[in-house]
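Q: Take this structure, written in structure tokens, and hold onto it; I'll ask about it next.
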Number of protein chains: 4
Amino acid sequence: MTEPLDVARLQRRLVEFAAARDWQPYHTPKNLAAALSVEASELLEIFQWLTPEESARVMADPGTAHRVTDEVADVLAYLLQFCAVLDVDPLAALDAKIDRNEGRFPAAGDRTEAERG
Amino acid sequence: MTEPLDVARLQRRLVEFAAARDWQPYHTPKNLAAALSVEASELLEIFQWLTPEESARVMADPGTAHRVTDEVADVLAYLLQFCAVLDVDPLAALDAKIDRNEGRFPAAGDRTEAERG
Amino acid sequence: MTEPLDVARLQRRLVEFAAARDWQPYHTPKNLAAALSVEASELLEIFQWLTPEESARVMADPGTAHRVTDEVADVLAYLLQFCAVLDVDPLAALDAKIDRNEGRFPAAGDRTEAERG
Amino acid sequence: MTEPLDVARLQRRLVEFAAARDWQPYHTPKNLAAALSVEASELLEIFQWLTPEESARVMADPGTAHRVTDEVADVLAYLLQFCAVLDVDPLAALDAKIDRNEGRFPAAGDRTEAERG
């Protein structure tokens, strides 16, 4: 029986993985933020010379699809490790942010006459 | 009764949020990868002049803690939107990556005599 | 009479500027590399939602043109400060790199029959 | 007889290099800004797990020194190509920015009694 995949379980695996290799001294919030930004750039690198249309078709090539998936994993890994060391709940943070953005950016159907101009 | 927060539900909220504002034409994989990398840099910016020790204490200041949480939300938002447009499962990607890394980086206790040298 | 602008003179101004404000302790190579990457992302942010065609016209809008020029200045400032603290000559580095790339990527006219296929 | 190295000459070499390989269609301002940011992250990657003290000694190791120099060249290459396609003068931009910053951040010796508090 496998438990369903969830963020808390993956975060626990990552923390145990780093602890078993004595990597915690390297995992300062600053270093993890740098590593997160480096991995996000590696994901962007795949797209840097592509047209918008080509960028929509990257998963059609198995080699590129694997690279994309691998970089997504790296970005998420460092984001979850960053959140673990600072005790930030990323899902609650995003939920609250979407709530705030719903106020800041009214949807087309929610705008008043005045806003639509 | 609120459903528990999970990635799939947040991803659905983000997709609906963008659709309600007609933002899909902007949400090419290339643009979302660029936005993800820009947000990861905004998180790094908070730490760029801090010592490792100062970086470990950022959550003690309420203003900085709010900024950190906000940037974490932005990074996760673009990562989930990127995954939505390319139909990548970020949790499965990370789970598979940790499996692979367990083979690549044996833990201290798992190393053979020969590897410990 | 003004001296012509050159990299060495600008680098000197930047180093004196930082010294006069006691900023050298913050200017470790690691911090300057982080700041350089943050500024490069701020430049990218201007373009993140633009089509290729719109991106070619950014200088037509005075506000955007000013923002682009300002971010270019910030990227160059941190690059030159990084090079100053590590005693790297950026112009010599680039000159040597172009030499190497001329070998790695033959120009259309320089390719042999065999390479053209 | 070699001309002295200067930014305008390197920029000319870069533009000719790209033209000889028919790379101009890829060199939109948006793509060059993305590539610049990717290269800046590759420079940061060298430093991501280093302490501030280790980061100050990177040039002592010939392999790392070569990697640093190579990434500096790449960052400068994309910055100059970006400036070439948008007709931005990077040295004038930086000179103007330092002028503005001298007003924004008074040096220790220039501060009035009131500012020193």
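The values are calculated or read from the model by the stated rules, or taken from the named source; none is laboratory data. If you're wondering where the values come from, they're calculated on a predicted model, not measured in any experiment. Heads up, the Cβs are rebuilt from the backbone with ideal geometry, glycines too, and the neighbour counts pull from every protein chain shown. When the accessible area is computed, the model is the full protein with side chains, heavy atoms only, and any ligands, DNA or RNA have been set aside. Shrake-Rupley method; radii C 1.70, N 1.55, O 1.52, S 1.80 Å.
Q: Which residues belonging to the stretch C:90-110 lose at least 20 Å² of 1.4 Å-probe accessible area when the assembly is complete, relative to their chain isolated?
A: Buried by 20 Å² or more upon assembly, which counts only protein chains, are C:P90, C:L91, C:A93, C:L94, C:D95, C:K97, C:I98, C:R100, C:E102, C:F105, C:A107, C:A108.
Q: Expressed as an acute angle from 0 to 90° and rounded to the nearest 10, what is the orientation of the C-alpha long axis of helix A:62-86 relative to the principal long axis of chain A?
A: The helix A:62-86 is inclined about 80 degrees to chain A.
Q: Just to be sure I understand: if I project the alpha-carbon convex hull of the protein assembly as shown onto a plane and average over all orientations, what area do I get in nm²?
A: 31.4
Q: Follow-up. Please give the FRET efficiency for B:A107 paired with A:A8, using the beta carbon to beta carbon distance and R0 = 22 Å, rounded to the nearest 0.05.
A: That pair, B:A107 with A:A8, gives E of 0.55.
Q: Further question: Averaged per residue, what accessible area in Å² does chain B show with a 1.4 Å probe, protein chains only?
A: 49
Q: Angle check, please: helix D:29-47 long axis (alpha carbons) against the longest principal axis of chain D (alpha carbons), in degrees 0 to 90, nearest 10.
A: That works out to roughly 60 degrees.
Q: Across 10 Å bins from 0, what is the distribution of all Cα-Cα pair distances for chain B, in whole percents?
A: Using 10 Å bins, I get a P(r) of 11, 28, 28, 24, 8, 2, 0 for chain B.
Q: On to the next question. Mind ordering D:28-34, C:88-94, B:15-21 by average Cβ neighbours within 10 Å, highest first?
A: D:28-34, C:88-94, B:15-21
Q: Let me ask another. Using a 1.4 Å probe and counting only protein heavy atoms, how much accessible surface gets buried when D and A come together, both sides summed, in Å² to the nearest 100?
A: Buried area (both sides, nearest 100 Å²): 1300 Å².
Q: Suppose every K and R has +1 on its Cβ and every D and E has -1 on its Cβ; what is the size of the dipole of chain B about the Cα centre, in Debye to the nearest 20?
A: Computed about the Cα centre, the dipole is about 220 debye.
Q: For chain C, what relative contact order do you get, as a whole percent, if you take Cα pairs closer than 8 Å and at least 6 residues apart?
A: 34
Q: Grab the other residues whose beta carbon is less than 14 angstrom from that of D:A65, score K and R as +1, D and E as -1, and report the net.
A: Result for the local shell: -4.
Q: Give the separation of the Cα centroids, the stretch A:1-40 to the stretch D:54-68, in Å.
A: If we compute the Cα centre of each part, the gap is 27 Å.
Q: Tilt of helix C:7-20 relative to the longest C-alpha principal axis of chain C, in degrees (0 to 90, nearest 10)?
A: Long axis of C:7-20 versus the principal axis of chain C: about 30 degrees.
Q: Over the protein assembly as shown, what percent of the accessible surface lies on carbon and sulfur atoms, probe 1.4 Å?
A: 52
Q: Right, here's the next one. In nm, to one decimal, how far is the modelled label at D:R67 from the one at C:E53, with both set 7 Å along Cα→Cβ?
A: 4.3
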